[in-house]
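Engineer: Dropping the structure in here first, questions after.
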Amino acid sequence: MTGYLLRRIAGGLAVLLVLSVIIYAVFYVAPGDPARLACGPRCNPEQIRQVREQLGLNQPVYTQYWHFLQGIVAGHDYSTGTGTMHCQAPCLGLSYQNDQPVTGLIIQRLPATASLAVGAMVLWLLLGVGTGVLSALRRGGITERVLTWLTLAGTATPVFITGLGLLMLFCAYLQWLPFPSYVPLTDDPEQWAWNMLLPWLALALLEAAKYARLTRSSMLETLAEDHIRTFRAYGLAERSIVGGHALRGALAPVIALSAADFGSIFGNAMLTETMFGLPGLGQLMVTSTKTIDLPVVVGVVLVTGTAVVVANILADVLYAVADRRVALR
Amino acid sequence: MTQEIQQEIQENDISGARQVLRRLRARKSALAAAIVLGLLVLFALAAPLLAAWEGQDPTTYHDGLVNSAAGGVPLGSFGGVSAEHWLGVEPGTGRDVFVRLCYGARVSLVVALGATVVQVVVGVALGITAALGNRLADSVIGHLTDVLVALPFLAFAVALTAVVPADFPRPVLLVLVIGLLNGVGGLARLVRAQTLSLKKLDYVSAARLAGGSSWRIARRELLPALAAPVITYAAVLLPSNIVMEAGMSFLGVGVKPPTPSWGQMLSTATTWFRADPMYVVLPALLLFVTTLVFTVLGDALRTALDPREASRLRVGRAGRAGRRKESAI
């Protein structure tokens, strides 16, 4: 187990290293002139030259990349013309827009994204697994047909359509909820939950549909297996067969998917945040893309990439815990 | 009884493609989806004709048709529906909604189809190369697909638009970005695994012993056998490409205005959902129907290409009929 974990972590680090090289190459080396972008639109050639020197852009590419990695591990000192500015250990550079350390900007935005993701995940696992199990047990009936169509429609609906539908229903027509505006959990937990309700629902409905379909087919498959038939033959109660034994085997692929999907979930979170105006990582990404604030863009991509890699390792471990037939080697 | 067997023999005689088509036609939902899809394609192809018929174009502002005192709400009921503007006008600008929807369909379908072609070509090429090539090629491609799968692809796609020169044609950029990021890694993995198991089959060994080159074996022996799983995968990717294009337009990094796109219209709609619900409903409905139609067709295609899958999971009427047949025997 420990050996497996160490190997997976090493593999994950390798993937991240490759990812960082690709990202660095794509964003800093390929097109355009980062110095001109960093300096702003009203810079004369002399100022651009100064910025290029400050950012170390006149050095060879591999040296620059090395400094970038060094910054992440040990921090980096930037000369600001008059003195030096220290950017602390996981240093992802300074924003072109306001010279703030990117790491700080990202940490500022994390709570909103985490609130959205965790809340929505709880909701969609409950909804998705519940619907999936129900439609697997009611095989062939009208419930099953309705649920199949509902989930098919759910997977086909982009999150911004669900979101708009929810807004129109709950904010404009019924007027039960105000237009969401983010309140930090630490300020007022009740207001936080009320304001997050619509974003959670919008994101959860989309994902729940996918999980319902997966849970259903995986549940059907497990129910057809020999050991379940044996339990039946022993006269075990149907409830304990389904709830205790079948669900456990059926949930393994659900867990695997929930982690493998992390990347697309961040994409949908980005859409949800933009739609409801939540100050999260996704919104930061979109605004910094539009202002071509490369260090921030690179920082967010790297952070989300890391999250995906970690989630994948976690998924494999959880998969083995849920399904004892899988051995970690 | 004998009739049924005869029919089965006949069915095995006709070519694979025709058999698949027959199975597709037998499913009512697939047939309905195909008809709706045909209408949508017609809607997109005939955009200039439809515009001429209505007598409008997608970019002309009609300031007289919106209430500028109320911030630009369209005058008249249902978002300004009239004999001149069949589906009303856009809030704020007064541009014709019907024509913008027609042209938006073009962007959506062309980008999604183009991206799917890129995904299939690149994914199949990578997968086959990894399976047939030497160990170096396999490990390089293996790491590349690991990274591609780990990428939060919508985030990366959005980020890429920051570094591409502004004069690069946007639809081409969207096709490339979506095509190279969304699902290529998964497809390459699938093709590699399939090719590895095909490679062990006798007929491929025979072709190799007969002196066929790797390229010839890939083209003549492997590609036809790979068609079914690749088509199934592509059918899942297509609607997700549509959603991705709409999502990128929604975030403001899709096609450049004034070119109309559904995602862009929905993004404008988020500020108008109270005052002009019609403007939300129309693009949302079209986008929803388009993705739903592709999802239904993809689902039907999967079961048509792999009947084993269908009989294992089939439910409802067809399943019961199947069981009756068994008991009759």
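Read the figures in this text as sums done on the coordinates, not as results from a lab. Remember, predicted model here, so these are calculated numbers, not experimental data. Here the Cβ is made from the backbone with ideal geometry for all residues, glycine too, and neighbour counts use every protein chain on show.
Engineer: Mind listing the long-range amide H neighbours of residue B:75? Cut-off is under 5 Å, sequence gap 5 or more, other chains count too, H placed in the peptide plane at 1.01 Å from N.
Structural biologist: B:66, B:67
Engineer: How many nm separate the modelled label positions at residue A:74 and residue B:117, each set 7 Å beyond the Cα in the direction of the Cβ?
Structural biologist: Those two pseudo-labels are separated by 5.1 nm.
Engineer: Can you pull the one-decimal nm distance between simple spin-label points at residue B:206 and residue A:5, each 7 Å off the Cα toward Cβ?
Structural biologist: Placing both labels 7 Å beyond Cα along the Cβ direction yields 5.3 nm.
Engineer: Run the Debye formula on the Cα coordinates of the protein assembly as shown, all scatterers equal and no solvent, and tell me log10 I(q)/I(0) at q = 0.05, 0.09, 0.10, 0.11 1/Å.
Structural biologist: These q points yield log10 I(q)/I(0) values of -0.27, -0.89, -1.09, -1.30.
Engineer: Give the residue from A:214, A:136, A:161 lying farthest towards the positive end of the charge dipole for region A:106-328; charges sit on Cβ (+1 for Lys and Arg, -1 for Asp and Glu) and the dipole is referred to the Cα centre.
Structural biologist: My answer, from the dipole projection, is A:136.
Engineer: Divide by every residue of chain A the summed helix terms, -39500 (n - 2.57) for each DSSP H run of at least 4, and state the resulting mean residue ellipticity at 222 nm, rounded to the nearest 500 deg cm²/dmol. It would help to have the intermediate numbers written out before the result.
Structural biologist: Values: 13 runs with 224 residues, N = 329.
Rounded to the nearest 500, it is -23000 deg cm²/dmol.
Engineer: Now a separate question. Among B:299, B:202, which comes first, then next, by fewest other beta-carbon atoms within 10 Å?
Structural biologist: Ordered by Cβ neighbours within 10 Å, fewest first: B:202, B:299.
Engineer: If you don't mind, another one. Hey, can you list the DSSP H helices of chain B whose Cα span along the axis is 27 Å or longer and whose average Kyte-Doolittle score is at least -0.5?
Structural biologist: On the way: long enough: B:97-132 (52 Å, 1.89); B:223-250 (39 Å, 1.37); B:277-305 (41 Å, 1.68).
The qualifying helices are B:97-132, B:223-250, B:277-305.
Engineer: Take the alpha carbon gyration tensor of chain B, find the square roots of its eigenvalues, order them as a ≥ b ≥ c, and report rounded if a/c is under 1.5; if not, report prolate when a/b exceeds b/c, else oblate.
Structural biologist: Oblate, since a/c reaches 1.5 and b/c is not below a/b.
Engineer: Using a 10 Å cut-off around each Cβ, can you sort A:95, B:77 from fewest to most neighbouring Cβ atoms?
Structural biologist: B:77, A:95
Engineer: Around residue B:88, with a cut-off of 10 angstrom between Cβ atoms, what is the net charge of the other residues, counting Lys and Arg +1 and Asp and Glu -1?
Structural biologist: -3
Engineer: Using the Karplus curve 6.51 cos²θ - 1.76 cosθ + 1.60 with θ = phi - 60°, work out ³J(HN,Hα) for each residue of region A:2-16 in order, rounded to whole Hz, and write x for Gly and Pro.
Structural biologist: Rounded to whole hertz, the list is 5, x, 4, 4, 4, 4, 5, 5, 4, x, x, 4, 4, 4, 5.
Engineer: Taking the simple approach of a point 7 Å from Cα along Cα-to-Cβ for both residue A:224 and residue A:237, what is their distance in nm?
Structural biologist: 2.9 nm
Engineer: Something else about it: Would you order A:291, B:161 from fewest to most other beta-carbon atoms within 10 Å of each residue's own beta-carbon?
Structural biologist: With the sparsest Cβ surroundings first, the list reads A:291, B:161.
Engineer: Ok, one more. Per residue of region A:197-205, in order, report the coupling 6.51 cos²θ - 1.76 cosθ + 1.60 (Karplus, θ = phi - 60°) as ³J(HN,Hα) in whole Hz, putting x for Gly and Pro.
Structural biologist: Whole-Hz 3J(HN,Hα) from phi for region A:197-205: 4, 5, x, 4, 4, 4, 6, 5, 4.
Engineer: Against the globular-protein guess of 2.2 N^0.38 Å, express the Cα radius of gyration of region A:200-283 as a ratio, rounded to two decimals.
Structural biologist: The value comes to 1.49.
Engineer: OK, next. For a quick check: with amide H placed at 1.01 Å from N, whose amide H comes under 5 Å from residue B:62's, ignoring anything fewer than 5 positions away on the same chain?
Structural biologist: For residue B:62, the qualifying residues are B:94, B:95.
Engineer: Moving on. Hey, got the dipole for chain A? About the Cα centre, +1 on K and R Cβ, -1 on D and E Cβ, debye to the nearest 20?
Structural biologist: Using only the charged Cβ atoms, the result is roughly 980 debye.
Engineer: Continuing with the same structure: Could you let me know the centre-to-centre spacing of region B:113-162 and region B:182-213, using Cα atoms, in angstrom?
Structural biologist: Region B:113-162 and region B:182-213 have Cα centres separated by 17 Å.
Engineer: Assigning unit charges at the beta carbon (Lys, Arg +1; Asp, Glu -1) and nothing else, what dipole magnitude in debye, to the nearest 20, does the protein assembly as shown show about its Cα centre?
Structural biologist: Roughly 2480 debye for the protein assembly as shown.
Engineer: May I ask you to compute the full-extension gain from residue B:285 to residue B:22, defined as 0.36 nm times their residue separation minus their alpha-carbon distance, rounded to one decimal in nm? Walk me through the numbers on the way to the answer.
Structural biologist: Working: separation 263, 0.36 × 263 = 94.68 nm, distance 3.01 nm.
Extending this stretch completely gives an extra 91.7 nm.
Engineer: Would you mind getting me the FRET efficiency between residue B:41 and residue A:36? Use the beta-carbon distance for r and R0 = 56 Å, nearest 0.05.
Structural biologist: 0.80
Engineer: Dipole magnitude of region A:136-243 about its Cα centre, charges +1 at Lys/Arg Cβ and -1 at Asp/Glu Cβ only, in debye to the nearest 20?
Structural biologist: The calculated dipole for region A:136-243 is roughly 580 debye.
Engineer: Normalised by the residues of chain A, what does the relative contact order come to in percent, with Cα pairs under 8 Å and at least six apart?
Structural biologist: Numbers: 394 pairs, mean separation 72.4, N = 329.
Reported relative contact order: 22 percent.
Engineer: Beyond 25 Å, what share of the Cα-Cα pairs of region B:130-237 remains, rounded to the nearest whole percent?
Structural biologist: 36 percent
Engineer: For the charge dipole of the protein assembly as shown, defined by +1 on Lys and Arg C-beta atoms and -1 on Asp and Glu C-beta atoms about the Cα centroid, which residue among B:175, A:25, B:254 has the Cα displaced farthest towards the positive pole?
Structural biologist: Towards the positive end, the residue furthest out is B:175.
Engineer: Relative contact order, percent, of chain B when contacts are C-alpha pairs under 8 Å separated by at least 6 residues?
Structural biologist: 21 percent
Engineer: May I pose another question? Before anything else, pin down the relative contact order of region A:170-329: Cα pairs under 8 Å, at least 6 apart, normalised by residue count, whole percent.
Structural biologist: 23 percent
Engineer: Okay, which of region A:105-128 sit inside 17 Å, backbone N to the point 7 Å along the Cα-Cβ direction of residue A:287?
Structural biologist: Counting backbone N atoms under 17 Å from the label point, the list is A:105-114.
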